[in-house]
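> To start, I am sharing the structure in question, which I have written as structure tokens.
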Amino acid sequence: MAVPLLSFYKKEQKFMSYVIGVDLGTQSLKGLLVDPEGKIVAEATCAHDPIYPNPGWAEQPVEDYLHSFTTVIKQLVADSGIDPAEIGTIGMDAINDSVIATDENGNALMNCIIWLDRRAEAETAEIAKTVDPARVFEVSGLNLDSTHTAAKMLWIKKNRPDVFEKAKYLLNVDSYLVYWMTGVAAVDYAQASASMIYNVAEKTWSPEMANVFGLDPELLGKIVKAETVVGTLTAPVAHRLGLTTNTKVICGTGDEHSACLGSGLVKPGMVCDITGTAEPVAGTSAKPVFDKKGLVETHHSADSRLWLIENPGFVSGGSTRWYKDTILRLPNYDLMNTQAKRSPIGSNGITFLPCMGGAMTPNWNGSARGTFTGLTLSHTLDDMSRAVFEGISFGLKDNVDRFEEIGMDCSSVRIVGGSTKSPFWCQMKADVLGKPLVATKNPEGAAIGAAMLAAVAEGNFANLDEAAEAMVELGATYEPDLNNKAAYDEAYARYYECYYTCLLYTSPSPRDMRRSR
């Protein structure tokens, strides 16, 4: 199935064609069909829900991804009426820190282990006995943590040797979809930088870290830029999607990295709050910046000129969805917003910790768990609904505060994703931060970022700067109400105290305690 990497595909064969941007998230796959000028012609989405077979485990049947991808591509073509021959390039992004084991024919050998999965805690604890976690951070820019790719790969090696021995590759989700479409295994700098076996300053695999984990970096594919055309659709896939074998496919990137592009983060010194199932908080830099406390990590941006200093994301939209579905049992978020507005700042003393899949803020702790604290008989669902919104907003504050402590410019923060649909929540975040918050007009920033990469590869734009100018539209600006600052500061202090009190009961490992403030 493997074919040579088309690193320098002849763009003159097809110029100024339509492109498709695909964002494969935790709960759904979204697609945009974009014309040569960067305007959205059609949009489509298809839902898929993870499964949780054991405590701390989170998986997705790979066929669910293929079904969602096929459904969305076909719908985009049908709704737009565009001749499939006019679709020049597909660009995609997908969830980070997730692994699909595949054989040489592109067949998945087990369910995808997704970013929410914490099954590799024992493996990371063993690694911590052989190498100082500070050394892992120094080389890779990452905390030694079970969420990252190498930990999950190591779990497969130790616990599913039957799968590991058959695996040609252990791919990120975006890399897997590209492999499925083209027969080429590739990974961009951004996704490679989330592996723990990569030297983030030198932009290459680290022999030292590969040796520490006992993993061959080639399992992740060849490193290329996100916008690199790696091949064209194979005949079977083109037939399944209703496209032609002339349609090109780029390497693609991770969803949070793509969302930064879709928010216009193509220059150093910009910050973005990305609100999906998780909530990464990221800032761009022209050079690698290392947080000695480890709250924020050092990754690459999908824009290969930049580094992305980021917290990869605590469970944000996943928490609001869990609360809506399990506690409120409602079909949408409208009533949750209405309830929260009726409760005062501080939720009448209730604090919610959004550690539904371990914690990545205010420090990293795979053993942390979500909680409501401060409940009394006088409390209502209004108070609990507001507490959920506030707890997540405080997680954002943790990270923006840390950015400022390490010298990054956070004078204004952009926000993209589902929470842009809630002016109430956006205003809350602006008030909590005490900074202006600028929302993107289209919440589907990741899909826009994927389309931007495809458009550059197609030749519709000379570079990502041009693509951002044409395709990124900003919406509302939320100015902070400084009259609310004292009340939010008091509620934040309670959140912070609650977290570290709960930490005493979760038996964090030494690597977690190293990150405590």
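> If ligands, DNA and RNA are left out, what is the accessible area of Arg135 with a 1.4 Å probe, given in Å² to the nearest 10?
Its accessible surface works out to 80 Å², give or take rounding.
> At what distance in nm do the modelled label points of Leu381 and Asp132 sit from each other, each positioned 7 Å from its Cα along Cα→Cβ?
Label-label distance for Leu381 and Asp132, simple model: 5.3 nm.
> Okay, next question. For Leu474 paired with Glu404, estimate the spin-label separation in nm (one decimal), with each label point 7 Å from Cα along the Cα-to-Cβ line.
1.9 nm
> How do the peptides 274-281, 78-85 rank, highest first, by the average count of neighbouring beta carbon atoms within 10 Å per residue?
Packing order, densest peptide first, comes out as 274-281, 78-85.
> Would you kindly state how much longer the chain becomes between Leu335 and Phe424 on full extension, computed as 0.36 nm times their sequence separation minus their alpha carbon distance, in nm to one decimal?
30.8 nm
> Roughly how tilted is helix 121-130, in degrees to the nearest 10 and between 0 and 90, from the longest Cα axis of the chain?
90 degrees
> Between 0 and 90 degrees, rounded to the nearest ten: what's the tilt of helix 173-182 against the longest Cα principal axis of the chain?
Value to nearest ten degrees: 10.
> Using Stokes-Einstein with the Kirkwood hydrodynamic radius over Cα pairs, what translational diffusion coefficient do you get for the stretch 279-416 at 37 °C and a viscosity of 0.692 mPa s, in µm²/s rounded to a whole number?
This corresponds to a translational diffusion coefficient of 203 µm²/s.
> Hey, for a label at Ala493 modelled as a point 7 Å past Cα toward Cβ, could you say which residues of the stretch 341-361 have their backbone N under 18 Å away?
The answer is 345-352.
> Counting pairs on different chains as well as pairs 8 or more places apart, how many Lys pairs in the stretch 181-302 have Cα atoms under 14 Å apart?
Within the stretch 181-302, the lysine pair count is 4.
> Divide the volume of the convex hull of the Cα atoms of the stretch 70-200 by its number of residues and quote the answer in cubic angstrom per residue.
118 Å³
> Could I ask something else about it? Cross-link candidates for Lys324: which lysines have Cα within less than 21 Å, leaving aside residues fewer than 8 places away along the same chain?
Lys341, Lys421, Lys429
> Sort 56-69, 201-214 by packing, meaning the average of other beta carbons within 10 Å per residue, with the highest value first.
Top to bottom by mean Cβ count within 10 Å: 56-69, 201-214.
> Once the Cα atoms of helix 381-405 and of the chain are each reduced to a long axis, what angle between those two axes, in degrees from 0 to 90 to the nearest 10, is obtained?
Helix 381-405 and the main axis of the chain meet at about 70 degrees.
> In addition: Just checking my list (i) 1.34; (ii) 0.97; (iii) 0.92 against Cα Rg over 2.2 N^0.38 Å computed from this structure; which label fits?
So the structure-derived entry is (iii).
> Antiparallel versus total DSSP beta bridges in the chain: what percent is that, nearest 5?
Around 65 percent of the beta bridges assigned by DSSP in the chain are antiparallel ones.
> For the stretch 322-417, what is the accessible area per residue in Å², given a 1.4 Å probe and the full set of protein chains?
Result: 37 Å² of accessible area for each residue.
> Along the Cα-to-C-beta direction of Phe290, a point sits 7 Å from the Cα; which residues of the stretch 192-221 have their amide N less than 14 Å from that point?
Within reach of a label on Phe290: 198-203, 209.
> Can you tell me which aspartates and glutamates have their Cα less than 16 Å from the Cα of Lys30? Leave out same-chain residues fewer than eight positions away.
Straight-distance partners of Lys30: Glu43, Asp49, Asp64, Asp79, Asp93, Asp174, Asp255, Glu256, Glu444.
> If you rank Glu43, Glu121, Glu490, Glu404 by how much accessible surface each has, with a 1.4 Å probe, what is the order from largest down?
From most accessible down to least: Glu490, Glu43, Glu404, Glu121.
> Counting Lys +1, Arg +1, Asp -1, Glu -1, what net charge surrounds Cys46 among other residues with beta carbon under 12 Å of its beta carbon?
For residues surrounding Cys46, the net value is -2.
> Between Arg342 and Asn484, with labels modelled 7 Å along Cα→Cβ, what's the label distance in nm to one decimal, could you check?
Those two pseudo-labels are separated by 1.9 nm.
> Here is a follow-up. Add -39500 (n - 2.57) for each DSSP H run of 4 or more in the chain, then divide by its residues: what number comes out at 222 nm, to the nearest 500 deg cm²/dmol?
The helix contribution divided over the chain gives -10500 deg cm²/dmol.
> Okay, moving on. Sorted by accessible area with a 1.4 angstrom probe, largest first, how do Ile114, Ile327 fall?
Ile327, Ile114
The values are calculated or read from the model by the stated rules, or taken from the named source; none is laboratory data. Remember, predicted model here, so these are calculated numbers, not experimental data. Cβ: placed from backbone, ideal geometry, glycine included. Neighbour counts: every protein chain shown. Just so you know, the surface numbers come from the protein's heavy atoms only, side chains and all, with ligands and any DNA or RNA stripped out. Shrake-Rupley method; radii C 1.70, N 1.55, O 1.52, S 1.80 Å.
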